[in-house]
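Read the structure below first, then the notes.
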Amino acid sequence: MSEEEKGTWVRVADNRWRRVSRREFLKIAATGAAAASLWPYVNVPSAWAQARRLTILHWAHFVPGYDEWFDKTYAPQWGKANDVQVVVDHIPFGQIPARAAAEVAAKSGHDLYQHISPAASLEPETEDLTDVVEPLIQKFGIHDIARKSTYNPKTKKWFALSNSWVPDPGHWRKDLWDAAGFVPDSWDNVLQAGRKLKARGVPVGIGLGNDIDANYVLRDVLWSFGGTTQNAGNEITINSKNTVEAVKYVRALFKEGMTPEVLAWDASSNNRAMLAGAVSYVFNAISIARTSEKDNNALTPHIQIWAPPRGPQMLGGRRLGAQHVILAYMIWRFTPADRKTLAKKFLTDFISNWAPAFKGAELYEFPSFPKTVPDVAQQVANDPVANRLGQPNKYRPLLTADRWSTNVGHPGYANAAEAEVFDTFILPQMFALAATDRMEPEAAVQWAFRQMRPIYAKWKGRRLM
Amino acid sequence: MSGGAAEAAIAVPRRGPGEWLGSERFLGTFMLAPAVLYILVLVAGPLLFAVYLSLSNATTGSYTLEYVGAANYVRALQNSIFRTALANTFIFTIISQIFVIIFGNILALALQEKFRGRGIVRFLVLLPWATPISLAAIGWKWMYDSLYSVVNWMLKAVHILGPTDFPQWLGEPVLAMAAIISIHVWRTFPFSAVVILAGLTSIPQEILDAAAVDGAGFMHRIFYVVLPMLLPILTVAVLFGTVFTFTDMGAVYILTAGGPFNSTHVLSSWAFQVGIIAGDLAQGAATALFLLPVLLVAAIVMLRIAARAETV
Amino acid sequence: MAAAAAPAWRSLNSRKVLGRIGLYLAVAWFTFYAAFPFVWMLITAFKRNSDLYNIKNNPFLFNEPPTLEHMVLLFNGTPFLRWAWNTALIGLVVTLITLVAAVPAGYSLARLARTWGRRLGIVIFLTYLVPPSLLFIPLSRVIAELRLQDTIWALVLVYPTFTIPFCTWLMMGFFKSIPGELEEAAMVDGCTRLGALRRIVLPISVAGILTVVIFAFALSMQDFVYALTFVSPTSQKTVSIGVPTDLVRGDVFYWGSLMGGALVSAVPVAILYSLFLDRFIQGLTAGALK
């Protein structure tokens, strides 16, 4: 390229020009070829393309096999029976709200949109599902978590339909706890065992970072100490003595039973730390137990699950834990009427035959409509994997999960204000500010209160609660 | 710049049948039009809408807008997380831009030299820029992991860290900010090097040779010959980098999600968290647009400077 | 340049050696900084999980035999190749659109525009002040109106909004660095303005155009907010959104496959860039400016 170009300008330009023009020709040819190969993209399947389609948006499930079953077995079968093509799309769970916002703004999107946490702020743009939910309740009953997370008592609207909720039990290293001489049945035990276990290099791991696991487990602590974020009348109740006690407890636990790594955790960190044998106690959906089984982890027999710990007797001694995630479908208001009908039929059919989904989800998910899986207890007690590994009782603590699990926003509903408090990690921040001595416990609670007040005022102003 | 007189002199003989096409004015408009139209339709329009949102009470679930004036801006200012994010935005932008420009300059100068293995170095240095941020940040997250951090492992291996130290890169506000900046610099400095490299080539070799013959040393040539001539492109690179960094949320969002205790949010990530994830669209819009007036003034000033530097 | 341009004038051997050492140190540091994450990805992508998750192991060694299982999952368990193709295709079309819009606009700003045009040019640049974290909300409506939702064309339409402004400015800078006399001479010889642009200015702007190509392609690969919110069918996803969707499941990261995916998507593109860069530097040094 360099040699012949020396010389006068014009000649250089001339040379180049010819070269350029050859290149241009090639470019045009290539564009033509590219255009031909692009044709498949023009005819792309999408939400608005054909009439007899039903589009569903799901997260990427914990259990890859569940997606496999739903996408390739259940959905096509239902589609065939109803003469519809069912299309299932997946997105990462953290981005579900963003895509939902885009669909609402576009007034076009999936016929069924599945959330993994309550999305009450979207209520104005969702179809009222009363005509689907009420008959299902008649037939199968409904778990309080599902009601509190998908129904708005102020507007009397079922803005979503929950098919399942996921328990969030403690995972503990039985061998290490045995050696320390405790069981994780009360928060006091956790602190006492935590001191010993930290000294042995396997601390407790209650997340304090900006992630959903921390958001859930810290609510467990709050409730067990008798505190709440709000009452049933949607008034903020965070600024209570009980909250201060809970914050003080977490500060003590952080200093005496944990290491600073819990500040850095995201939703996957406690899994890894537990599976690596680096911590002795964490909270999660049963994904830790399941992953260790799949990976043939040597720790599998020692990783056990247990209900959330009780709070101190003098503060009521409650045992209460947040659900881990709650899966709920929405139908957008702007979806064409015929497809709304189709989507509702899908929901009714799916819930009425939810038992295979329960099996497919490997005990992660529990039914929001309890009677759809009459033999939950037997299945939990006879998990095939646990049986095969010679630990038939491993998942038994889940038998009581429906008693000790509750919804975000307890004792009230999971309303839009509570959801914003949840999504902006106010509770983890409150606990972490005190735990790291950046604030006194009382001041941290006051800080949280000051953060929450405008949020509640704002959403009340929007007449959603 | 070619003066207006020269342009006019050329334009005059072309009057006649092809007057319009030949008219420089028309041509100028015509050539600028596609870019301007594209931007007006797909950015300016949506931007105005976003401004409107920030003055309303919109949520992601409801666009029945009521005008609320500056309430969202006031509320934003009253929020301590917002104020932290505001400060972080400046810290994040300024520190990473300083590194990007220094690194970009040195790398560009180095890549101009001939040395063995230059080809492979160029390839390796361009890698960060060829990786989608969503994947690159996950890779870095893995390197800063709370348990498996290879960064810590290496620091231990060279005895910067003691055997029991294990800094939590993503769990300590200052370290987390450093981690975020390290990723952002990593992903943007190759590009700034390329731009500067391109700018370097616009400097005629004769000038450099002449300077060398006059006895100017390497550093002298860099500071008194190369950098002044690079100024226009450098200004654009800095400006672009600054603005791009100001509005970027990729590194923060994927690496820390704003944690620990919302101490590493920048305005754009906090706007996303509040406006999109938590659903308060109006508040999110106010947060995202908060600095728009300041940035506008700053950008215009910098662009003026750039323009003046060019016309000299 | 220092070494090549200043020989024979004064024997500065020690200075030269120092400069050389400095050069190599700088190069070594930048190479390490830029490339280390990829070394780490490479190791992770071929490690067994049991090896990877053992905190006691030296992370750089294969304490257990390497495995292909992560790569098998990436290529057989996900439509990775389809995503890679989508990414490349979007990048190419966006680059074309960018060139068509930015090169003339840059020229116009450099040579033809008057006051109003310059102001418009500034306005173009200022579009970067708009954070994409929110812009997708109004844009999603535009996409839906155009019936592009859930196709890669939505991204093809949107990405030029952030490639055009900078590329326009970049080209403007390049055109300004070319002496105006060149075209004027050609125009005196009877060329039209457009003719002069095509025959004289464009050929010596190859470097700038290549920068624009690289830049536009790179930036269109970087996005994830738009890809996430505008495209949900698996067949239409890009690498930047497809890989995390399928390989981060709930709270389990498939690290090996994720790192493999990052590596496999970065390496070919970086090779392409460095080839382009070669041409680009050649074009400059060979060039007209001598």
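The values are calculated or read from the model by the stated rules, or taken from the named source; none is laboratory data. Keep in mind that this is a model prediction, so the values were computed, not measured. Positions of Cβ are backbone-derived with ideal geometry, glycine not excepted, and every protein chain shown enters the neighbour counts.
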Tell me the residue from A:Thr341, A:Thr406 that is surrounded by fewer than 17 Cβ atoms within 10 Å (Cβ to Cβ) and more than 20 Å from A:His61 (Cα to Cα), please. A:Thr341
State whether one or more residues within the range B:147-157 are touching a residue at least 12 places away in the same chain (Cβ under 8 Å) and either part of a loop (DSSP other than H, G, I, E, B) or over 30 Å from A:Thr436 (Cβ atoms) (or both). yes
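Determine which member of the set B:Ile183, B:Ile203 is touching a helix residue (DSSP H, G or I) at 6+ places or on another chain (Cβ under 6 Å) and buried (at least 23 other Cβ atoms within 10 Å of the Cβ). Step through it out loud before you land on a result.
Values: B:Ile203 fails: buried (at least 23 other Cβ atoms within 10 Å of the Cβ).
Residue meeting the stated conditions: B:Ile183.
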Taking the range A:190-227 and keeping only residues that are surrounded by fewer than 22 Cβ atoms within 10 Å (Cβ to Cβ), away from every other protein chain (no Cβ under 14 Å) and in a loop (DSSP other than H, G, I, E, B), one is left with A:Arg200, A:Gly226
Please verify whether C:Glu184 is over 28 Å from B:Leu239 (Cα atoms), acidic (Asp, Glu), out of contact with any Gly (no Cβ under 7 Å at 6 or more places or on another chain) and within 7 Å of chain B (Cβ to nearest Cβ), treating the condition exactly as stated. yes
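When you go through C:Ala101, C:Ala34, C:Ala113, C:Ala6 one by one, which is the residue that is crowded, with 22+ Cβ neighbours inside 10 Å, within 7 Å of chain B (Cβ to nearest Cβ), modelled with pLDDT under 80 and within 30 Å of C:Leu219 (Cα to Cα)?
Values: C:Ala101 fails: modelled with pLDDT under 80; C:Ala34 fails: modelled with pLDDT under 80; C:Ala6 fails: within 30 Å of C:Leu219 (Cα to Cα).
Of C:Ala101, C:Ala34, C:Ala113, C:Ala6, the one residue that is crowded, with 22+ Cβ neighbours inside 10 Å, within 7 Å of chain B (Cβ to nearest Cβ), modelled with pLDDT under 80 and within 30 Å of C:Leu219 (Cα to Cα) is C:Ala113.
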If you go through the range C:58-82 one residue at a time, how many are at the interface with another protein chain (Cβ under 10 Å from one of its Cβ atoms) and closer than 27 Å to B:Ile183 by Cα? 3
Taking the range C:207-240 and keeping residues in contact (Cβ under 8 Å) with a residue 40 or more places away in the chain and facing chain A (nearest Cβ under 8 Å) leaves C:Val225, C:Thr229, C:Phe230, C:Ser232, C:Pro233, C:Thr234, C:Ser235, C:Gln236
If you go through the range A:414-465 one residue at a time, how many are in contact with a strand residue (DSSP E or B) (Cβ under 7 Å, 6 or more places away or on another chain) and either at positive phi or hydroxyl-bearing (Ser, Thr, Tyr) (or both)? 1
Go through (1) within 19 Å of C:Asn54 (Cα to Cα); (2) in contact with a Phe, Trp or Tyr (Cβ under 9 Å, 6 or more places away or on another chain); (3) not in a helix (DSSP H, G or I) and name the single condition A:Ala289 misses. (3)
With the condition being in contact (Cβ under 8 Å) with a residue 40 or more places away in the chain and more than 14 Å from chain A (Cβ to nearest Cβ), I'd like the helices (runs of 4 or more DSSP H) fully within the range B:161-267 carrying at least 2 qualifying residues. B:173-201, B:227-246
Of everything in the range A:112-126, what is outside any helix (DSSP H, G or I), modelled with pLDDT under 95 and either touching a Ser or Thr at 6+ places or on another chain (Cβ under 7 Å) or over 20 Å from A:Asn407 (Cβ atoms) (or both)? Give them in sequence order. A:Pro118
Failed condition for C:Leu18, given (1) assigned to a helix (DSSP H, G or I); (2) crowded, with 18+ Cβ neighbours inside 10 Å; (3) modelled with pLDDT under 90: (2)
Of the residues that make up the range A:193-212, is at least one modelled with pLDDT under 95 and within 30 Å of A:Phe346 (Cβ to Cβ)? yes
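Out of the residues in the range A:262-286 meeting the condition of being assigned to a helix (DSSP H, G or I) and in contact with a Gly (Cβ under 6 Å, 6 or more places away or on another chain), tell me which one is nearest to A:Tyr395 (Cα to Cα).
Taking the range A:262-286 first, the residues assigned to a helix (DSSP H, G or I) are A:262-264, A:269-275.
Right, trim to in contact with a Gly (Cβ under 6 Å, 6 or more places away or on another chain) and you get A:262-264, A:270, A:273.
Working: A:Val262: 26, A:Leu263: 29, A:Ala264: 29, A:Asn270: 19, A:Ala273: 21 Å.
My answer is A:Asn270.
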Name every residue in the range A:293-329 that is buried (at least 21 other Cβ atoms within 10 Å of the Cβ) and small (Gly, Ala, Ser), in order of residue number. A:Ala307, A:Gly311, A:Gly321, A:Ala322, A:Ala328
Does the range A:77-107 hold any residues that are more than 19 Å from the chain's Cα centre (by Cα), within 14 Å of chain B (Cβ to nearest Cβ) and not in a helix (DSSP H, G or I), and which are they? A:Lys107
Across the range B:42-63, what is the number of residues that are outside any loop (DSSP other than H, G, I, E, B), within 13 Å of chain A (Cβ to nearest Cβ) and either closer than 12 Å to A:Val104 by Cα or polar (S, T, N, Q) (or both)? 3
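Listed residues B:Ile102, B:Ile10; which is closer than 30 Å to C:Val27 by Cβ, out of contact with any Leu (no Cβ under 8 Å at 6 or more places or on another chain) and either more than 8 Å from chain C (Cβ to nearest Cβ) or modelled with pLDDT under 80 (or both)? Before the answer, list the steps.
Numbers: B:Ile10 fails: closer than 30 Å to C:Val27 by Cβ.
Going through B:Ile102, B:Ile10 in turn, just one is closer than 30 Å to C:Val27 by Cβ, out of contact with any Leu (no Cβ under 8 Å at 6 or more places or on another chain) and either more than 8 Å from chain C (Cβ to nearest Cβ) or modelled with pLDDT under 80 (or both): B:Ile102.
Name the one entry in C:Leu148, C:Leu194, C:Leu170, C:Leu155 that is within 30 Å of B:Gly45 (Cα to Cα), within 8 Å of chain B (Cβ to nearest Cβ) and of a type in the set (A, V, I, L, M).
Numbers: C:Leu148 fails: within 8 Å of chain B (Cβ to nearest Cβ); C:Leu194 fails: within 30 Å of B:Gly45 (Cα to Cα); C:Leu155 fails: within 8 Å of chain B (Cβ to nearest Cβ).
Checking each option against the conditions leaves just C:Leu170.
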